[in-house]
Amino acid sequence: MNETGPIFGAMLREFDRAARILKLDPGIWRILTYPKRQIVVSCPVLMDNGEIEVFRGYRVQYNITLGPAKGGIRYHPDVSLDEVTALAAWMTWKCAVAHVPFGGGKGGIVCDPTRMSAREIEALTRRYVAEIIDAIGPEKDVPAPDVNTNDQVMAWVMDTYSMHVGHTETAVVTGKPIEMGGSLGRREATGRGVMIVTREAAKHLGVNIKGATVAVQGFGNVGSVSAELLAAIGAKIVAVTDWKGGVINQAGLDVAKLLEYAATHKTVEGFPGGEPLDNEGLWGLDVDVLIPAALENQITMENAPKIRAKIIVEGANGPTTPDANNHLHDRGVFVVPDILANSGGVTASYFEWVQDRYGYFWTEREVNERLEAKMREAFRAVSATASKFAVDMRTAAYIVAIHRVATVTKIRGMCRGRSSWVMRSARS
Ligand code: NAD
């Protein structure tokens, strides 16, 4: 039996729909619905109060056909093997859509970092890395930041790994501080990618991005940078919410001031440049673009019927349930799916990994220009596939991704009637 839980089940339903349209070979289909490796570890940590606590950690390498596994590490009380497996699968499709030579992985630790000291988080990170050390490395599996982890956590991951192998190995993680092999532009890359695909989607639908109204859920790394860069190209950010509350201003929020306020208050709630707004109020706003950039399963059949936005750009991973996605598609809402919309992060991670292995670093401008080209290429591939098969953008993104992974799986040898297929390919 396959590993299934509700989140992985949601991933499988999206996968199955695309695989059916693609008429995927049943054997390849079977391969691609199983995680390659699921690692579960227990991480004992001496806490500041003198007690020992044991935290559960996971690392899943879903598929490594295209290259080393790639994916973030998440620290959150709700982390589960189901969630990490689904996120690792989504990373597989995301890397394939982004057209970077990586497989998909993900990690997580069940913990509440908001209740832990920096020393406790460092000790937990180092123990977790020690427990999974044989499975990671520049050629095997390259972690990155995710919810509640950052460049400092990545520095601890890199340092612990380097101590064990006996030399400095920068390419074992991405999203590192610039001073130790991080890439310029990486911190902003996911949000920059969201901005680029939002602009491309608007162009595709004939919506003028200048003056287009935008509402954002989540004001962390992805949400805040998306808001800032969209404002910079002339969009009007009218509403933002986070874990605590939100703020709305129909005339447009001052994003620079909101960033300053959120940095001090750790929330956008109470920002004086607008009126209060709760998370539920966000969904029904009459805006051009809605950007969920917080957690998964936020757009459900409870709130999808209220949505009035023309375009939804999924900054977060898995923010829309499959039922809600179908509902939005039927109503003609243009949804740019997570595996395309937030692939700017993994694309810049690929750039960072390349620079680390090369030992030669690019300017921020070079990074941003390459990111722009990759995101536009990915948007074009997915929108062309959506037109070709007359499907929504999510199904199209899966078709692009599955086709790329399936093709390499076959060429590498996993193919029924292999010799004739190889010979045919060789002739063409
Ligand atoms: P983050 O921790 O920096 O920010 C998360 C934001 O979501 C915060 O503003 C938080 O207040 C808000 N939030 C949390 N719970 C909420 C709730 N119940 N309702 C409303 N808001 C809530 O995380 P991030 O790095 O910005 O990641 C956000 C999402 O984007 C995640 O799904 C992550 O997997 C995905 N993602 C991140 C990256 C990246 O490079 N950081 C790349 C790809 C995808």
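The values are calculated or read from the model by the stated rules, or taken from the named source; none is laboratory data. In this text the structure is predicted, and so the values were computed from the model without any measurement. Cβ sites come from the backbone with ideal geometry, for glycine too, and all protein chains shown count toward neighbours.
Inclusion of TYR58 among residues that are surrounded by 19 or more Cβ atoms within 10 Å (Cβ to Cβ), hydroxyl-bearing (Ser, Thr, Tyr) and under 28 Å from PRO138 (Cβ atoms) is warranted.
When segment 135-154 is filtered for residues that are closer than 26 Å to GLY315 by Cβ, in contact with a strand residue (DSSP E or B) (Cβ under 7 Å, 6 or more places away or on another chain) and assigned to a loop (DSSP other than H, G, I, E, B), the ones remaining, listed by number, are ASP146, VAL147, ASN148, THR149. Residues that are surrounded by fewer than 20 Cβ atoms within 10 Å (Cβ to Cβ) and either aliphatic (A, V, I, L, M) or modelled with pLDDT under 95 (or both) were ranked within segment 185-208; the one that is farthest from THR264 (Cα to Cα) is LEU205.
Give me the residue from segment 245-272 that is within 12 Å of the ligand (Cβ to nearest atom), assigned to a loop (DSSP other than H, G, I, E, B) and not acidic (Asp, Glu) and, out of that set, surrounded by the most Cβ atoms within 10 Å (Cβ to Cβ). Before you say what the answer is, go through the steps one by one.
The first filter runs over segment 245-272 and keeps only residues within 12 Å of the ligand (Cβ to nearest atom), leaving 245-246, 258-259, 262-263, 265-269.
Those left that are additionally assigned to a loop (DSSP other than H, G, I, E, B): 245, 266-269.
Applying the additional criterion that residues be not acidic (Asp, Glu) yields 245, 266-268.
Values: GLY245: 17, LYS266: 12, THR267: 17, VAL268: 29.
The qualifying residue surrounded by the most Cβ atoms within 10 Å (Cβ to Cβ) is VAL268.
Of all residues in segment 299-311, exactly one satisfies the criterion of being within 14 Å of the ligand (Cβ to nearest atom) and buried (at least 21 other Cβ atoms within 10 Å of the Cβ), namely ILE299.
For segment 273-298, filtered to residues that are surrounded by fewer than 20 Cβ atoms within 10 Å (Cβ to Cβ) and of a type in the set (A, V, I, L, M, F, W, C), the residue that is farthest from the ligand (Cβ to nearest atom) is LEU285.
For ALA96, the criteria (1) in contact with a Gly (Cβ under 7 Å, 6 or more places away or on another chain); (2) closer than 24 Å to ARG394 by Cβ; (3) buried (at least 20 other Cβ atoms within 10 Å of the Cβ) hold in every case but one, which is (1).
In segment 212-229, how many are surrounded by fewer than 24 Cβ atoms within 10 Å (Cβ to Cβ) and either within 18 Å of PHE334 (Cβ to Cβ) or of a type in the set (Val, Ile, Thr) (or both)? Of the residues in segment 212-229, 2 are surrounded by fewer than 24 Cβ atoms within 10 Å (Cβ to Cβ) and either within 18 Å of PHE334 (Cβ to Cβ) or of a type in the set (Val, Ile, Thr) (or both).
Put simply, of VAL110, VAL60 the only residue that is of a type outside the set (S, T, N, Q), in contact with a His (Cβ under 9 Å, 6 or more places away or on another chain) and more than 13 Å from the ligand (Cβ to nearest atom) is VAL110.
The residue of segment 25-41 that is surrounded by the most Cβ atoms within 10 Å (Cβ to Cβ), among those that are under 18 Å from LEU87 (Cα atoms) and not hydrophobic (A, V, I, L, M, F, W, C), is PRO35. Filtering segment 23-41 to residues that are over 24 Å from the mean Cα position of the chain (by Cα) and touching a residue at least 40 places away in the same chain (Cβ under 8 Å) leaves LEU24, ASP25, GLY27, ILE28. Would segment 374-382 turn up any residue that is surrounded by 23 or more Cβ atoms within 10 Å (Cβ to Cβ) and touching a strand residue (DSSP E or B) at 6+ places or on another chain (Cβ under 9 Å)? Yes - at least one qualifying residue is present in segment 374-382. Of the helices (runs of 4 or more DSSP H) entirely within segment 304-360, those holding at least 3 residues that are charged (D, E, K, R) occupy 344-358. Here segment 203-228 is the region considered, the condition is being part of a helix (DSSP H, G or I) and more than 16 Å from the ligand (Cβ to nearest atom), and the residue that is farthest from GLY274 (Cα to Cα) is HIS204.
Being more than 15 Å from the ligand (Cβ to nearest atom), under 21 Å from the mean Cα position of the chain (by Cα) and free of Cβ contacts under 8 Å to residues at least 40 places away in the same chain is the requirement here; does ARG199 meet it?
Judged against the criteria, ARG199 is a match.
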